[in-house]
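Some notes on the structure that comes next.
The values are calculated or read from the model by the stated rules, or taken from the named source; none is laboratory data. These numbers come from a predicted model, not from an experiment. Don't worry about glycine lacking a Cβ; one is built from the backbone with ideal geometry, like all the others, and counts go over all protein chains shown. Note: areas computed on protein heavy atoms with side chains; ligands, DNA, RNA excluded. Shrake-Rupley method; radii C 1.70, N 1.55, O 1.52, S 1.80 Å.
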Amino acid sequence: MSENLLLFGPPGVGKGTQAVRLAGVFQIPHIATGDMLRAAIQSYTPVGQRAKEFIDKGQLVPDQVVLALIAERLAHSDTARGFLLDGFPRTVPQAEALGGMLSGTGKKLDHVLVLHAPDEELVSRIAGRRICESCQASYHVTAKPPKKPGVCDRCGGMLIQRSDDSESIIRNRLREFAAKTKPVIDYFLANGWPVRKIDANGNMDQIFGRIYAAVLLP
Ligand code: ADP
């Protein structure tokens with residue numbers, strides 16, 4: 001089954017964790033702008049150097065930078081059988097540009113999954129998040145601990161805290177979300193994109209169950 005999916009929601013709501021599972025179930029590429037930007041930072045590319053200034057302050061990276069990455073990624077042939085966008089679009093101009101890219105290729109989104117949870121819950125999820133330095137797998141100190149403390153179950157890499165996951169930076173990211181990203185929901189609704197609101201409280205399996213049920217709806 002080919003599905004074009006978009007996972008939308010504030011930092012810490014669990015988009016990344018759910019996206020990996022969803023992309024696995026539907027066998028579609030998981031396209032996460034945050035992961036792409038961190039990969040660019042690790043490889044010291046000019047895009048990475050530009051992005052790092054913003055990410056380290058908890059600010060959004062400029063639209064042109066992100067749009068260039070996405071346009072290139074969506075042009076890959078592996079997206080022909082579907083794709084899952086995670087963390088993009090994050091501004092109204094990004095959503096407009098995505099609309100243009102999709103209509104230009106005769107594609108549309110099948111489901112726009114909007115995850116929501118209270119701010120205090122988001123802060124505690126992000127503060128406890130640890131990621132693998134090598135493969136980027138995501139853990140949580142209490143909700144999803146690795147089998148061996150500090151070591152990635154998947155590849156044996158070292159688990160670290162992302163530099164933008166400290167409490168002061170998290171607050172900035174939530175402010176950016178409220179000011180620039182939340183209005184994108186109105187854009188989706190005004191343009192008839194297929195929005196499904198998902199309650200992201202509860203454990204990861206419960207949340208996945210809600211997402212899966214929403215995707216199976218016509
Ligand atoms: P989270 O959803 O937890 O904030 P991400 O990995 O998706 O984590 O994003 C980390 C950071 O990367 C963001 O705070 C932002 O600076 C940058 N970023 C990711 N995606 C975008 C985007 N679409 N537009 C602008 N900046 C982005």
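Inspection of the range 174-186 identifies no residue that is surrounded by 12 or more Cβ atoms within 10 Å (Cβ to Cβ), under 20 Å from Gly128 (Cβ atoms) and among the polar types (S, T, N, Q). Being within 12 Å of the ligand (Cβ to nearest atom) and on the phi > 0 side of the Ramachandran plot, is that true of even one residue in the range 84-93? Yes, that holds for at least one residue.
Filtered by the rule that a residue be open to solvent by 60 Å² or more (accessible area, probe 1.4 Å) and either closer than 22 Å to His140 by Cβ or out of contact with any Pro (no Cβ under 9 Å at 6 or more places or on another chain) (or both), the range 41-63 gives Gln42, Ser43, Tyr44, Pro46, Gln49, Lys52, Glu53, Lys57, Gln59. In this structure, Lys107 does not satisfy being free of Cβ contacts under 8 Å to residues at least 12 places away in the same chain, in a loop (DSSP other than H, G, I, E, B) and either at negative phi or open to solvent by 60 Å² or more (accessible area, probe 1.4 Å) (or both). Condition test on Arg38, is it surrounded by fewer than 16 Cβ atoms within 10 Å (Cβ to Cβ) and at pLDDT below 95? No, not satisfied.
Quick grid of which residues meet (1) part of a loop (DSSP other than H, G, I, E, B); (2) within 12 Å of the ligand (Cβ to nearest atom); (3) among the acidic types (Asp, Glu):
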position: Ala23; (1), (2), (3): no, no, no
position: Ile31; (1), (2), (3): no, yes, no
position: Arg38; (1), (2), (3): no, yes, no
position: Glu53; (1), (2), (3): no, yes, yes
position: Gly58; (1), (2), (3): yes, yes, no
